[in-house]
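Here is the structure we will look at, set down as structure tokens.
The values are calculated or read from the model by the stated rules, or taken from the named source; none is laboratory data. Because the structure is predicted, anything quoted here is derived from the model rather than measured. Quick reminder, even Gly has a Cβ in these numbers, built from the backbone with ideal geometry, and neighbours come from all protein chains shown. Note: areas computed on protein heavy atoms with side chains; ligands, DNA, RNA excluded. Shrake-Rupley method; radii C 1.70, N 1.55, O 1.52, S 1.80 Å.
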Amino acid sequence: MGEKEQPRIGVFVCHCGHNIAGTVDVERVAKEASKFPNVVFSTDEMFMCADSGQELIRTKIKEFGLNRVVVASCSPRMHEPTFRRVVEEGGLNRYLFEQVNLREHVSWCHMHQPEAATEKAIDLVRMAVARAARLESLPIKTVSVIPRTLIVGGGIAGLRAALDIADRGFEVVLVEKAPRLGGHVIKWTHMFPGDRTGEQVIGPMIERVMSHPRITVYTDSKVVGFDGYIGNFEATIRSNDGKSEEKVEVGAVIVATGFKAFKPKGYYAYGESPNIVTLEELQEMPRRDDLLRPSDGKPVKRIAFIGCVGSREPGVKGHEHCSRYCCLAVAKAAADLRDRVEEALVLYQDVRTYGRGHEEIHRLAREKRVIFSKFEPSEKPRVTVEKGKIIMEWHDVLADDNLRFEPDLLVLASAMVPPDDVEETANLFSLTRSGDGFFNPEHIKLAPLTTHTAGIMIAGVAQAAKNASESVVDASGAAAKATSLLAKGEVEIESTVAHVDPELCSSCHTCVTACPYGAISMDNSRDPPVALVTEAKCHGCGTCAAGCPSAAITMLHSTDDQILSMVEALLMPAMTSGGEVQ
Amino acid sequence: MSNGAARSNNVLVVGGGVAGMQAALDVANQGYKVYLVEKAPSIGGRMAALDKTFPTLDCSACILTPRLSEVARHPNIELLTYSEVQSVEGSLGDFTVRVLRKARYVREDRCSGCGDCARECPVEVPNEFDEFLGFRKAIYVMFPQSTPNVYTIDAEHCIRCKRCERVCERGAIDFDMQDEIVELKVGVVVLSVGYKLFDVRQYPRLGYGHHRNVITAMEFERLINAAGPTKGHLIRLSDGRMPKRIGFIQCVGARDVKKGVPNCSRVCCMYGIKNAVMAREHYPDAEVTVYYADIRAFGKGFEEFYEMAKTRFGVKFIKGRVGEIVEDPETANLQFYVEDTLSGEILDVEHDMIVLCPGLQPAEDLDKLAEMLGLETSTDGYIETRDAFAAPLETNHPGILVCGCADGPKDIPDSVTAGSAAAMKATILLSSGGAK
């Protein structure tokens, strides 16, 4: 494998406070590691990720002339970038670092077997040391970023993100599948907070978007093709009538595709009477000074609401989540309408008026004598329609009584669910979805706006059920992620990619079809054509290498040699232990 | 990066918790200089002290540490820890900020964080980071991953024996250090000053401060934390024994008009459930009960986590307000009556440990800061924002933005999101439409 310097490996075993050291004998692991081939330094330390641990690595690289570093700590998912940076600061190539997961893979799952856990830890470290000896430097590559952002969805989140990015000085392409901008909000009659209509809230935003010199709007259109990699995407936008199709190049994407209000067929006699409507349908009825029964246009005297319709249903796929916006929306609608009706009733499971100003509305509704009655999820209210009359029967758990009510209008607070074409969107942008059907963020706590696909952000309800004012904040946040990328102008990409040896390639196309990311094409400039990897698109998954019948593909940083050395270290420890340098 | 409209292109972020760090990073990543001012010796905020986070049970410190290093090492971020904003004058694009840099008595440029000084220090002080359950020295770091990794001498408790000075190989100890005032020029100010927890002593009937086994949720976080005062062993403070029957009481200082906390604090249901799950994780045969008013599991994955707490972890949930908690003088166990409002039964229960889950309140001295900056506050003391849809992070003072809990309680993802959004607004104001 070419010129080789003698590996000089340093092993750093982390206590992670008590997380690892509480189960694994870390001192013993470090001591054993010192005997492994090529290990010239080995120690244990309270927190390797802390500044002091990082400093220790840098110091020891210099002191012992280390050229490979193994850190035995937690999952590389969080700290591999940290330690790669540390070894770089110590003067090594970042790919000469190897991490062993002694926490999730050892101490946390073998908490009650400290002996066996320690043995396993030693095995894993021995394997990592064997692999480290064979690690090679890889080049650090950057690609330039096209200073334009694609925003998918022209609801309140998409509009806000578009305005922010354009106001910051970058170009935006906004695509909306409906004929007009404004999403759900524009149809609504009452927004919270305040008491503006959706039109009043979103109208000025639409006007600004339409007249902004840096925003190009495509309505009645969809993104039908999407290709490329962070900083360099190409989207195909097609009008719904199929008459026009355009390709645009963008550096970043914000997916703000929103939600669909669940149509609760099969719930509470929905569909059996025109006077049973969803909250969304109520919102779209004319302003409430004049609440009339859809069936005959007579004024509504008794109104009822039922919460959690299609939400919070354990075991029902896509309906297990709380839809977040509805409790307040119901409380507000009930409080607003209480003055115009004789009786207003709200059936609920829990009242989740969590935000600022929400409790005031909830209290106002109660002060106005809106009746709140709690039902148990196991005993849902029964709704029947007899001769056009709506009859509700339920068990109030707080009063422990069976009750009955005959409303003129029944409003079902139905769930927020993903739009029908969500799967299409997921496939187009390589996004994954969680149990609620909405897109997964990169990290649910600390990276709620970015996704696992670099360069693609999510905002608003595309990420999870939420209300309009929360979606707006999301949108500005996602816009910041996009502009950070655009302002830098270039971005680093991973070098752990597939590499084709053109001498060995038999032009069979197996890898081209195997690649889930469309990263491999045929280089027709060669005769015969050979497979060519677009490195920025490659995720390093190895599917191509596994499929290649000619063994022409090497996975950089996961070479056969590197992997087999680990297997050897596990199966034949005697060969790889003992301290003598090979 | 230059443009005529703004005289300073720098941003001041006040508060180095998770929201402020995110705001700083997202501004700095766009090429602008950020001063991040934090009053504690380390950035990290509340999140650094939490054990696990809901709804994924990620270890809080573990997911936070990369963020801490990212902030500390960012070429466009200048950290001013152990510092406080004294005054802000001027207007958008042209603020003059005076910052008090409190004397650490340790030189940041020399200290390597080796800890030799703390080992030598003879003075032990109850550790505020551990909710005073453990001890630290008079020269200390707040927590192992403290950023910057620099020791601080707590002047109030230091006895000037100078043993640390003698043992420090780098000559980093400097007893002559003085507080100093630095003046910064910034174009935009972002307030991410966080929150304070409700003082549970305001409910005398719950017995906190009298009954040793009634603790707060933050004390619970430190007790179950592997880096905490008990190395993660959940014990009773009265006798060090393992609690077998643990109760969690929700809404302590939230949704209570009489106590001046009319609003829901948004996070307590979920941290309460998370802690209940952790209690079962620590002691699988312990009886764990949550006493609640409504369970508000509204965020992504929250309801699913609540369901899992009931079904997979066997946490019991009882809807009802608890009465006066009485301590058994023999056993230090805790007894009270509670009406299970779902069954209508009055229950007479006994627990070995009670964890009070306090609500959130505006940060200490937020009223003074608001007054100094001329910012409007709401009746519950948070900073008022201009418009929920058009300007959700903007205050009445142009160029002063808020994020995190400065304008109301938020959980971690909502704080992070607001931090990013504030960064967006800040850079729009500075760039005036220029793409650089």
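Can you pull the three principal axis extents for the Cα set of region B:83-230, in Å, largest first?
51, 46, 26
Let me have the relative contact order for chain B, percent, based on Cα pairs under 8 Å that are six or more residues apart.
19 percent
Over all distinct Cα pairs, what is the inverse of the mean 1/r for region A:389-523, reported as the Kirkwood hydrodynamic radius in Å?
19.8 Å
Mind running the shape call on region A:282-389? Use the C-alpha gyration tensor, a ≥ b ≥ c as the square roots of the eigenvalues: rounded below 1.5 for a/c, prolate if a/b tops b/c, oblate otherwise.
The shape class here is oblate.
Return the long-range amide H neighbours of A:SER42 (sequence gap of 5 or more, or a different chain), with a cut-off of under 5 Å between placed amide H atoms.
Here A:VAL11 satisfy the definition.
Let me know the Rg and Dmax you get for chain A when you use only its Cα atoms, in Å.
So, for chain A, Rg and Dmax equal 30.0, 94 Å respectively.
Describe numerically, in nm with one decimal, the distance between label points set 7 Å from Cα along Cα→Cβ at B:LYS244 and at A:ASP401.
4.2 nm
Please turn the phi angles of region A:140-154 into ³J(HN,Hα) values with the Karplus equation 6.51 cos²θ - 1.76 cosθ + 1.60 (θ = phi - 60°), one per residue in order, whole Hz, x for glycine and proline.
Once rounded to whole Hz, the list reads 9, 10, 10, 10, 7, 10, 6, x, 9, 10, 9, 10, 9, x, x.
Pull up the cross-link candidates among the aspartates and glutamates for B:LYS162, meaning alpha carbon to alpha carbon under 16 Å and not fewer than 8 places away within one chain.
Result set, ordered by chain and number: B:ASP116, B:GLU120, B:GLU124, B:ASP154, B:ASP174, B:ASP176.
How are the Cα pair distances of region A:299-451 distributed, in percent, across 5 Å bins from 0?
The distribution over region A:299-451 is 2, 9, 15, 17, 18, 14, 10, 7, 6, 3, 0, given as percents.
On a 25 Å Cα-Cα criterion, which of the cross-link pairs A:LYS374/B:LYS316; A:LYS260/B:LYS274; A:LYS317/B:LYS319; A:LYS298/A:LYS389 come out too long?
A:LYS260/B:LYS274; A:LYS317/B:LYS319
Once the Cβ-Cβ distance between B:LYS258 and A:GLU568 is put in as r, and R0 is 60 Å, what FRET efficiency do you end up with, to the nearest 0.05?
The formula returns an efficiency of 0.25 here.
Could you list the square roots of 5 times each eigenvalue of the Cα gyration tensor of region B:347-436, that is, the equivalent ellipsoid semi-axes, sorted largest first and rounded to whole Å?
34, 17, 10
So how compact is region A:420-474: Cα radius of gyration and Dmax in angstrom?
Computed over the Cα atoms of region A:420-474, radius of gyration and Dmax are 10.6, 29 Å.
Take chain B, connect every pair of alpha-carbon atoms lying under 10 Å apart with a spring to form a Gaussian network, then pick out the residue of B:ILE173, B:ILE383, B:ILE354 with the largest mean-square fluctuation.
In this elastic network of chain B, the residue with the biggest mean-square fluctuation among B:ILE173, B:ILE383, B:ILE354 is B:ILE173.
Which value, in debye to the nearest 20, describes the size of the charge dipole of region A:108-194 about its Cα centre when Lys and Arg Cβ atoms bear +1, Asp and Glu Cβ atoms bear -1, and nothing else is charged?
Charge dipole, region A:108-194, about its Cα centre: 280 debye, nearest 20.
Compare the peptides A:344-355, B:186-197, B:319-330, B:97-108 by average per-residue count of other Cβ atoms within 10 angstrom and give them in order, highest first.
B:186-197, A:344-355, B:97-108, B:319-330
With a 1.4 Å probe and all protein chains left in place, how much accessible area per residue does chain A have, in Å²?
Value returned for chain A: 41 Å² of accessible area per residue.
When Lys and Arg each count +1 and Asp and Glu each count -1, what net charge do the other residues less than 13 Å away from A:ALA121, Cβ to Cβ, add up to?
Net of charged neighbours comes to -3.
I need the fraction of alpha carbon pairs in region B:245-356 separated by more than 20 Å, rounded to a whole percent.
43 percent
How well do other chains shield peptide A:432-443, expressed as the mean number of their Cβ atoms within 10 Å of each residue Cβ?
2
Starting from the Cα coordinates of chain B, work out the convex hull volume and express it per residue in Å³.
148 Å³
With a 1.4 Å probe and all protein chains left in place, how much accessible area per residue does chain B have, in Å²?
37 Å²
Taking only Cα atoms of region A:127-187, what ratio of Rg to Rh do you get with Rh as the Kirkwood inverse-distance radius?
Using only Cα positions, Rg/Rh for region A:127-187 is 1.43.
Would you mind telling me the antiparallel percentage of the DSSP bridges in region B:1-89, rounded to 5?
Antiparallel bridges make up about 20 percent of those DSSP assigns within region B:1-89.
Of the beta bridges DSSP finds with both residues in chain B, what % are antiparallel, to the nearest 5?
Of the beta bridges lying entirely in chain B, close to 55 percent run antiparallel.
Calculate what fraction, in whole %, of the accessible area of region B:49-116 sits on carbon and sulfur atoms when a 1.4 Å probe is rolled over the protein chains.
Ligands and nucleic acids excluded, carbon and sulfur reach 40 percent.
Please compute, for peptide B:385-394, the average count of beta-carbon atoms on other protein chains lying within 10 Å of each residue's beta-carbon.
6
Per Stokes-Einstein, at 4 °C and 1.567 mPa s, what whole-number D in µm² s⁻¹ belongs to region B:64-139, with the Kirkwood radius over Cα pairs as the hydrodynamic radius?
It diffuses with D of about 82 µm²/s by this estimate.
Within 10 Å of each Cβ of A:478-489, how many other protein chain Cβ atoms are there on average?
For this peptide, the per-residue mean of nearby foreign Cβ atoms is 6.
Only counting protein heavy atoms at a 1.4 Å probe, give the residues of region B:147-185, ordered by number, whose accessible area falls by 20 Å² or more when the other protein chains are present relative to the chain alone.
Buried by 20 Å² or more upon assembly, which counts only protein chains, are B:ASN149.
Sorted by mean Cβ packing within 10 Å, highest first, what order do the peptides B:159-167, A:217-225 take?
Going by the mean number of other Cβ atoms within 10 Å, highest first, we get A:217-225, B:159-167.
Could you give the Stokes-Einstein D for region B:193-277 in µm² per second, using the C-alpha Kirkwood radius, 4 °C, 1.567 mPa s?
Answer, rounded: 92 µm²/s.
Per DSSP H run of n ≥ 4, the term is -39500 (n - 2.57); total these for the protein assembly as shown, divide by its residue number, and report the mean residue ellipticity at 222 nm rounded to 500 deg cm²/dmol.
The helix-only estimate for the protein assembly as shown comes to -7500 deg cm²/dmol at 222 nm.
Can you give the Kirkwood hydrodynamic radius of region B:117-160 from its Cα pairs, in Å with one decimal?
In region B:117-160 this quantity evaluates to 10.6 Å.
Among all the lysines, which ones have a C-alpha under 17 Å from B:LYS102's C-alpha, if same-chain residues fewer than 8 places away are not counted?
Leaving aside lysines fewer than 8 places away in the same chain, those within reach of B:LYS102 are B:LYS39.
When only alpha-carbon atoms count, how far does region B:31-79 stretch along each of its three principal axes, as whole angstroms with the largest first?
Ordered largest first, region B:31-79 gives principal extents of 34, 23, 13 Å.
Taking just the alpha carbons, could you work out the radius of gyration and Dmax for region A:477-581, both in angstroms?
Values for region A:477-581 (Cα only, Rg and Dmax): 18.7, 56 Å.
Specify, per residue and in Å³, the volume enclosed by the convex hull of the alpha carbon atoms belonging to region B:309-380.
Normalising the Cα hull of region B:309-380 by residue number yields 182 Å³.
Taking a quarter of the surface of the Cα convex hull of the protein assembly as shown, what do you get in nm²?
Hull-based average projected area comes out at 44.3 nm².
Using modelled amide H (1.01 Å from N, peptide plane; none on Pro or chain starts), what sits under 5 Å from the amide H of B:GLU384, excluding residues fewer than 5 places away?
Those qualifying (amide H under 5 Å, at least 5 residues apart or on another chain) are B:GLU376, B:THR377, B:SER378.
Ranking request for peptides B:356-363, A:397-404, A:356-363: highest mean number of other beta-carbon atoms within 10 Å first, then the rest in descending order.
Taking the mean over residues of other Cβ atoms within 10 Å, the ranking is B:356-363, A:356-363, A:397-404.
Report the calculated FRET efficiency for A:GLU360 and B:ARG386 (r = Cβ-Cβ distance, R0 = 22 Å), to the nearest 0.05.
FRET efficiency, A:GLU360 to B:ARG386: 0.70.
For region A:1-146, report the convex hull volume of the alpha-carbon atoms normalised per residue, in Å³, without decimals.
Per-residue hull volume (Cα only) is 119 Å³.
For the pair A:HIS509/A:ASP527, report the inter-label distance in nm, with labels modelled 7 Å from Cα in the Cβ direction.
Label at A:HIS509, label at A:ASP527, 2.1 nm between them.
Nearest 100 Å², what total accessible surface is buried between chain B and chain A (probe 1.4 Å)?
Looking at B and A, the buried total is near 6500 Å².
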